[in-house]
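Here's the structure, in structure tokens; my notes come after.
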Amino acid sequence: MPEPVGVRQAQAQRTRSGVLAAAAAVFVEQGVQAPVRDIAERAGVGVGTIYRNFPTRADLVTAVYRHQIDTCAALAPQLLAESASPSTALTRWVDAFVEFLVTKHGLGAALGSGDPGLENLHTLMLDTLVPACETLLEACAAAHQLSPGITAYTLMRAIGNLCITGPDYDQADAKHMVATLLYGCSRKA
């Protein structure tokens with residue numbers, strides 16, 4: 001007897017979510033050019049399942065980063081609601097944004113690869129995350145916790161530049177420098 005449609009859809013969604021989680025973890029470890037077989041092994045599925053859900057590498061990369069971008073954007077209002085102050089919410093959101101940026105090994109190369117499936121990823125990131133950051137900055141400004149003239153795009157670009165890691169500059173260095181940047185952006189009483 002065949003399974004009801006709802007059960008099959010739920011299983012397909014669990015499989016897709018498992019593949020996205022596995023791909024995100026493998027991308028952190030190996031970069032976005034990691035072998036699909038490593039992602040399939042981590043997800044506990046066959047390579048064919050990966051390709052059935054994501055016909056191209058660009059489809060998989062885009063789906064992983066879209067999910068992570070959406071998660072980061074959704075964090076902004078949540079942090080504003082639960083934090084003691086807008087500046088605390090901003091700091092916590094920036095920490096999540098930094099984590100997102102410094103774990104994207106190979107994404108810069110993928111974005112510049114000319115792959116048409118990836119060309120909108122940078123725009124998606126800006127269109128989704130700049131408004132989230134702007135919400136936090138507006139709350140900080142209204143609470144007089146932010147120096148005037150700081151825009152979300154400029155702040156995020158500065159953070160992005162500080163998150164370019166290398167042999168003598170790692171994730172801890174990036175986090176320290178971003179914390180220093182945020183301190184410099186705060187309004188001093």
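Structure above, values below:
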{"quantity": "Meets criteria (open to solvent by less than 80 Å² (accessible area, probe 1.4 Å), among the β-branched types (V, I, T), part of a helix (DSSP H, G or I) and at pLDDT below 95) for T123", "calculated": "yes"}
{"quantity": "Hits in the stretch 133-189 (condition: free of Cβ contacts under 8 Å to residues at least 40 places away in the same chain, under 18 Å from A84 (Cβ atoms) and not in a helix (DSSP H, G or I))", "calculated": "A189"}
{"quantity": "Flag for A24 being in a helix (DSSP H, G or I), open to solvent by less than 70 Å² (accessible area, probe 1.4 Å) and modelled with pLDDT of 85 or more", "calculated": "yes"}
{"quantity": "Pairs where the first residue, in the stretch 70-85, is free of Cβ contacts under 8 Å to residues at least 60 places away in the same chain and the second is surrounded by fewer than 12 Cβ atoms within 10 Å (Cβ to Cβ) and assigned to a helix (DSSP H, G or I), C-beta under 9 Å, 6+ apart", "calculated": "none"}
{"quantity": "Qualifying residue in the stretch 31-40 (condition: open to solvent by 70 Å² or more (accessible area, probe 1.4 Å), touching a residue at least 60 places away in the same chain (Cβ under 8 Å) and under 19 Å from Q68 (Cα atoms))", "calculated": "yes"}
{"quantity": "The stretch 155-188: number of residues that are at pLDDT 95 or above, exposed (fewer than 14 other Cβ atoms within 10 Å of the Cβ) and within 19 Å of V130 (Cα to Cα)", "calculated": "0"}
{"quantity": "Residue list for the stretch 44-58, filter: in a loop (DSSP other than H, G, I, E, B) and either surrounded by fewer than 14 Cβ atoms within 10 Å (Cβ to Cβ) or touching a residue at least 40 places away in the same chain (Cβ under 8 Å) (or both)", "calculated": "G44, G46, P55, T56"}
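Results for (1) among the aromatic types (F, W, Y); (2) open to solvent by less than 40 Å² (accessible area, probe 1.4 Å); (3) at pLDDT 90 or above; (4) not in a helix (DSSP H, G or I), shown as yes or no for each residue.
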| site | (1), (2), (3), (4) |
| --- | --- |
| M1 | no, no, no, yes |
| Q13 | no, no, no, no |
| R42 | no, no, yes, no |
| T62 | no, yes, no, no |
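The values are calculated or read from the model by the stated rules, or taken from the named source; none is laboratory data. As the structure is a computational prediction, the values presented were derived from the model and not from experiment. Heads up, the Cβs are rebuilt from the backbone with ideal geometry, glycines too, and the neighbour counts pull from every protein chain shown. These accessible areas exclude ligands, DNA and RNA; they are computed on the full protein's heavy atoms, side chains included. Shrake-Rupley method; radii C 1.70, N 1.55, O 1.52, S 1.80 Å.
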